[in-house]
Amino acid sequence: MISSATLILLLVTGAAPVATLPNAAFKLQPGADGKLCLGCHDQFQIEVLKRAFVHTPVKARVCTGCHNPHASSHAKLLELPGGALCLKCHDTTVPPVTAIGSSHQPVAEGKCVSCHDPHASANKNILIGAGNELCAGCHEKIALAAASAKFKHKPVVEKGCTECHNPHGSEKGRSLLKADVPEMCVSCHPTDKAIFARQHSNYPVAKARCTTCHDPHGSDRKGLLYQTVHPPVAKQDCAKCHEPASSANALKTRSPSPQLCRNCHSEMMDKMTDSARLHRPAADGNCLSCHSPHASRRSG
Ligand code: HEC
Ligand code: HEC
Ligand code: HEC
Ligand code: HEC
Ligand code: HEC
Ligand code: HEC
Ligand code: HEC
Ligand code: HEC
Ligand code: HEC
Ligand code: HEC
Ligand code: HEC
């Protein structure tokens with residue numbers, strides 16, 4: 001066993017374990033590097049170090065874990081630029097990029113400090129904003145709509161955006177989702193209950209993409225359906241377009257897209273085909289290349 005006196009000697013002479021105190025090799029007293037810096041940068045003593053959450057290397061006064069004390073070709077005397085600095089010690093934080101996954105633009109651009117204060121913060125995880133406020137800084141429209149929706153989605157307002165989204169990226173699905181749809185929805189909404197089947201007119205939706213009809217962030221529409229719901233869907237007349245719920249392939253539509261639409265929109269479609277100029281996708285009957293048959297965030 002090494003006595004503490006020997007350990008200090010080893011550290012000061014730089015002869016052995018220097019990993020924990022990077023400046024021991026430069027003959028500084030243990031912890032002296034931080035003290036040195038704080039002597040002139042008194043804002044740290046006055047305010048920064050008193051915040052509720054102090055970044056561990058800052059708490060340990062290892063300022064030189066990030067800053068070069070003499071010179072640097074990067075801003076703020078930083079040893080490495082942007083995210084590379086943080087990834088030096090946090091190489092497992094950002095999930096690897098995968099074919100089915102997604103990445104968050106500010107993370108991919110290495111802008112870790114657009115969400116984290118490198119030194120200290122009043123918020124957990126040294127975040128510059130608390131809870132949904134952080135996300136609202138850049139996603140104002142979604143955050144505002146979620147908070148003011150007539151029918152709020154409980155996890156969004158009670159647990160927060162990170163209940164469903166990984167802020168750094170996802171290996172498992174689009175939109176930074178921690179689990180893809182429908183797996184994520186189904187984990188909180190059991191689909192094997194009679195009431196779930198009834199709510200969907202007994203159609204087998206358990207494996208469907210729930211978000212083709214439901215807005216995961218909240219809605220002014222009952223049942224969290226998107227703002228614009230196709231009337232036959234709102235009335236739960238699924239059978240107007242699909243095979244009967246009891247049939248073996250209930251999700252098959254009664255006819256392919258343009259004929260299906262003609263059943264109820266013949267007047268509009270006749271007027272369309274009588275026009276002098278027809279938009280190519282409309283002429284081809286590709287109604288679904290522009291419209292969702294069920295519901296949409298936008299009108300139309
Ligand atoms: C003798 C006083 C003194 C000491 C000791 C000192 N600094 Fe500074 N530091 C300054 C002054 C003066 C500036 C320039 C004024 C300003 O931008 O606030 C500065 C600026 C900086 C900047 C900003 C550079 C930029 O490009 O804007 C960083 C980062 C910094 N110091 C880090 C450190 C670290 C880390 C230590 C300890 C290893 C340290 N300083 C020790 C006086 C000092
Ligand atoms: C984990 C890395 C890291 C550690 C450790 C660290 N800093 Fe910084 N520091 C940064 C980054 C990153 C910036 C630039 C922030 C920005 O661009 O918004 C910065 C900026 C600064 C600045 C410029 C003024 C400001 O606040 O933007 C000073 C001064 C500074 N640091 C001093 C220190 C001192 C003193 C210590 C030790 C007590 C320290 N830093 C420890 C990463 C660190
Ligand atoms: C010199 C190594 C080092 C660097 C560089 C570094 N960190 Fe850390 N960071 C740590 C250590 C050590 C912890 C303590 C938790 C752990 O062991 O992971 C930590 C913890 C964190 C935490 C969790 C909250 C906390 O305070 O425990 C966040 C968030 C974080 N760092 C963000 C950053 C960001 C952003 C950067 C770049 C500006 C950065 N780190 C650069 C060493 C570092
Ligand atoms: C869009 C905002 C945002 C950006 C950009 C961001 N983070 Fe984070 N980070 C968060 C949030 C939010 C948490 C808390 C996660 C939670 O509550 O589940 C967090 C947590 C962390 C943690 C602690 C928990 C963990 O996952 O290990 C570390 C370390 C961390 N971030 C490092 C980084 C690094 C390194 C970067 C840049 C490559 C970065 N962050 C960029 C928002 C961000
Ligand atoms: C510094 C700005 C910034 C902050 C803070 C921020 N984001 Fe983002 N986010 C972006 C940008 C830029 C994009 C890409 C353009 C877009 O889709 O708006 C994006 C995209 C996204 C996407 C879509 C990704 C995809 O693959 O389609 C999600 C989901 C997301 N952010 C969630 C969050 C959450 C959750 C938070 C809070 C933890 C957050 N963002 C905080 C800037 C930010
Ligand atoms: C209950 C889970 C859940 C919560 C909580 C949640 N989201 Fe989402 N979010 C989703 C799902 C699912 C999608 C993908 C929607 C789709 O497939 O069309 C998504 C998509 C997104 C997108 C990208 C696509 C778009 O709609 O523009 C952004 C940005 C986003 N969410 C931001 C946020 C923000 C900000 C918060 C917090 C206010 C939040 N989310 C909370 C589930 C959630
Ligand atoms: C973390 C758990 C969780 C996740 C994930 C989740 N939900 Fe919810 N959801 C809830 C809770 C809790 C309620 C409120 C239920 C209540 O008040 O009885 C709710 C309410 C709803 C409602 C309104 C039903 C009602 O009773 O008011 C719908 C529709 C809904 N969620 C759909 C979804 C969809 C679609 C997804 C996937 C994008 C999803 N949920 C993901 C927990 C979750
Ligand atoms: C106006 C006609 C119409 C009505 C009404 C309708 N659907 Fe559909 N549905 C379609 C069409 C068309 C498709 C094929 C979509 C595609 O290929 O993009 C489809 C596809 C589906 C799918 C499979 C795709 C997915 O989202 O995963 C499910 C599940 C579904 N519908 C369930 C329902 C339920 C439940 C109702 C009643 C609440 C309903 N539909 C009402 C036209 C309709
Ligand atoms: C084809 C469109 C469609 C799809 C796909 C769909 N739903 Fe629904 N869902 C509806 C409709 C329509 C209602 C009835 C809304 C009402 O009560 O007005 C409903 C009702 C619900 C309710 C009860 C809402 C309430 O207010 O009581 C929940 C929870 C729910 N769905 C969750 C899910 C989940 C989870 C998925 C994916 C596994 C899913 N839905 C897929 C259309 C759909
Ligand atoms: C190139 C994209 C596109 C295609 C293809 C398309 N639509 Fe539309 N449709 C739109 C847009 C955009 C609107 C909204 C127009 C507005 O708000 O003034 C709309 C509006 C509508 C409306 C409501 C307003 C009205 O004119 O009655 C109906 C019904 C409609 N479309 C049916 C169809 C049918 C049926 C098909 C297939 C034969 C189809 N659309 C093909 C883009 C398209
Ligand atoms: C069972 C009858 C029925 C079928 C089948 C049907 N619709 Fe509709 N649709 C309606 C009714 C009712 C309205 C509301 C009155 C109107 O605008 O004609 C409507 C409205 C619309 C609108 C306007 C939505 C808005 O914002 O007001 C569009 C777009 C549309 N339908 C597209 C389609 C497409 C594309 C198809 C084929 C996949 C289709 N419809 C099949 C009954 C139907």
Query raised in the report: Using beta carbons and a limit of 8 Å, which pairs, at least six apart or on different chains, have the first residue in the stretch 143-157 and aromatic (Phe, Trp, Tyr) and the second one part of a helix (DSSP H, G or I)?
Result: PHE151/LYS222; PHE151/GLY223; PHE151/LEU224
Report task. Name the helices (runs of 4 or more DSSP H) wholly inside the stretch 189-296 in which the number of residues that are of a type outside the set (S, T, N, Q) and more than 16 Å from ligand 7 (Cβ to nearest atom) is 1 or more. Result -> 231-234, 257-274, 280-283
**Report entry** Of all residues making up the stretch 238-270, the number that are charged (D, E, K, R) and within 16 Å of SER292 (Cα to Cα)
**Finding:** 3
Requested in this report: Would you confirm whether any residue within the stretch 215-226 is polar (S, T, N, Q) and loosely packed, with under 15 Cβ neighbours inside 10 Å?
Outcome: no
Report task. Please go through the stretch 263-300 and pick out each residue that is within 19 Å of VAL233 (Cβ to Cβ), in contact (Cβ under 8 Å) with a residue 24 or more places away in the chain and not aliphatic (A, V, I, L, M). Result -> CYS264, CYS287, SER292, PRO293, HIS294, SER296, ARG297, ARG298, SER299, GLY300
Query raised in the report: Restricting attention to the stretch 148-194, and to residues there that are touching a His at 6+ places or on another chain (Cβ under 6 Å) and at positive phi, which single residue is surrounded by the fewest Cβ atoms within 10 Å (Cβ to Cβ)?
Result: GLY169
Report summary line: Residues in the stretch 68-123 that are surrounded by 17 or more Cβ atoms within 10 Å (Cβ to Cβ), more than 13 Å from ligand 5 (Cβ to nearest atom) and of a type in the set (Ser, Thr, Tyr) total 1
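FYI, it's all coordinate maths here, none of it is from the lab. On a predicted model such as this, the values are computed, not experimentally measured, just so you know. Cβ sites come from the backbone with ideal geometry, for glycine too, and all protein chains shown count toward neighbours.
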